[in-house]
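These notes concern the structure reproduced below.
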Amino acid sequence: MTEKMSTHQAEEDQRNEEILIYLNGEILPKAEAKVSVYDSGFMLGDGVWEGLRLYNGTWAFIDEHLDRLFEAAKAIDLDIGMDRDGVKNAVLETQKANGMTTDAHARLMVTRGVKTRPFQHPSLSQQGPTMTIIMEHSRPNLPRPIKLATVPHIRGLPMTQDPKLNSHSKLNCIIACIAAEKAGADEALMLDVNGFVNTTNACNFFIVRKGEVWTSTGDYCMNGITRQKVIDLCRENGIPVHERNYSLVDTYGADEAFLTGTFGAQTPVGDIDGRQIGSGTMGPVTERIRGLYKALIERECA
Ligand SMILES: Cc1ncc(COP(=O)(O)O)c(C=O)c1O
């Protein structure tokens, strides 16, 4: 049996036991950074979050992350309680307190805050939002390409839990991931409501066929920042790229497949539902895109 693995696997780093965490304006040791059992995030998954990455002293694409965070907060009618500069300063303060300069990953979470009673109604959240930033030393470390299994679960629909919301509750994605693990894979490949290939439970999904890069229409998946960067890089560098409907038949027959996300940038996929994809290792187009993305990060985070 192959060893268990996930797309968010990083090198072990003992320093992460000693990190400082931002909680509502305070910077606290990990063991002391605690939220109430009445918190809307704990009780109901009522909140939104962003994953950000630090390269060479700069938080990559932080403006895009803040745009998405504030857009999501507006959509769920959650007042973050500070403006963009306030959020940015909280990130920088946490970074400074931790003495981090590169290869760090931040999970910035905002919930509707502590409730007065343990029930769902949002009007019970009266104490203002809870904002936390967990910042860890992080170097992605994947010993082999990812194995995916197709599962019956889908991400939310635009009229239910819009897949463009980076919501605290990830239950549908977690159930999808569990189903994939039980099928012997690392993570789940999720279809859209029409049966076209859509996304994985934690990353955006791409295939390469005859030199062309295909990804889903974007209607049913997270509006991933890395996804958009990859599409833009392909366009700028003469790599044909299509946002389109495609099926599992197209996917099994692809020459390459890869995932995108802030944590892992571009992660090769070697196997889907027991079918080897291409050579089963990272293909040349994925490798080229990874190089282009790395150069983009070097330009942005100089
Ligand atoms: C379901 C899902 N898809 C894709 C992504 C990747 O998005 P990004 O590239 O902005 O990190 C995430 C990350 O939050 C996600 O949760």
Looking at (1) away from the ligand (no atom under 16 Å from the Cβ); (2) in contact (Cβ under 8 Å) with a residue 24 or more places away in the chain, which one does GLY238 not meet, given that it meets all the others?
(2)
Can you find even one residue in the range 154-166 that is under 30 Å from THR286 (Cα atoms), outside the structural domain of VAL249 (by TED's automatic domain parsing), under 15 Å from the mean Cα position of the chain (by Cα) and not acidic (Asp, Glu)?
no
Take the range 138-185 and flag every residue that is over 28 Å from SER40 (Cβ atoms) and within 13 Å of the ligand (Cβ to nearest atom).
PRO140
Of the candidates ARG290, ARG275, ARG299, the one satisfying the condition of being in contact (Cβ under 8 Å) with a residue 12 or more places away in the chain, within 20 Å of ILE231 (Cα to Cα) and of a type in the set (D, E, K, R) is ARG290
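Give the residue that is nearest to the ligand (Cβ to nearest atom), with candidates limited to residues of the range 283-302 that are over 24 Å from ASN223 (Cα atoms) and at pLDDT 95 or above. Spell out how you get there, then give the answer.
Going through the range 283-302, the residues over 24 Å from ASN223 (Cα atoms) turn out to be 283-284, 302.
With at pLDDT 95 or above added as a condition, the list becomes 283-284.
Numbers: GLY283: 20, PRO284: 23 Å.
Here the answer is GLY283.
Can you name every one of the strands (runs of 3 or more DSSP E) wholly within the range 219-302 that holds 2 or more residues which are surrounded by fewer than 16 Cβ atoms within 10 Å (Cβ to Cβ)? Can you show your working first?
Working: elements: 241-243, 256-261, 265-272.
Counting at least 2 such residues, we get 241-243.
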Helices (runs of 4 or more DSSP H) lying entirely in the range 1-115 (those with 3 or more residues that are buried (at least 19 other Cβ atoms within 10 Å of the Cβ), in contact (Cβ under 8 Å) with a residue 12 or more places away in the chain and not hydrophobic (A, V, I, L, M, F, W, C)):
84-98
Report yes if VAL213 is out of contact with any Asp or Glu (no Cβ under 6 Å at 6 or more places or on another chain) and at pLDDT 95 or above, otherwise no.
yes
Taking ALA202 as meeting all but one of (1) assigned to a loop (DSSP other than H, G, I, E, B); (2) in contact (Cβ under 8 Å) with a residue 12 or more places away in the chain; (3) more than 10 Å from the ligand (Cβ to nearest atom); (4) among the aliphatic types (A, V, I, L, M), write down the number of the exception.
(3)
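Has the range 186-200 got at least one residue that is more than 20 Å from THR267 (Cα to Cα) and crowded, with 20+ Cβ neighbours inside 10 Å? Steps first, please.
If we filter the range 186-200 for residues that are more than 20 Å from THR267 (Cα to Cα), which is where we start, we get 192-196.
Okay, now just the ones that are also crowded, with 20+ Cβ neighbours inside 10 Å, so none.
So far as the range 186-200 goes, no, none of its residues is more than 20 Å from THR267 (Cα to Cα) and crowded, with 20+ Cβ neighbours inside 10 Å.
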Would it be correct to say that ALA188 is within 16 Å of the ligand (Cβ to nearest atom), small (Gly, Ala, Ser), part of a strand (DSSP E or B) and under 24 Å from HIS168 (Cα atoms)?
yes
Could we say that ILE174 is surrounded by 15 or more Cβ atoms within 10 Å (Cβ to Cβ) and not assigned by TED's automatic domain parsing to the domain that holds ARG68 here?
no
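The values are calculated or read from the model by the stated rules, or taken from the named source; none is laboratory data. Fair warning: this is a prediction, and the values are worked out from it, not measured in the lab. Note that each Cβ is placed from the backbone with ideal geometry, even for glycine, and that neighbours are counted across all protein chains shown.
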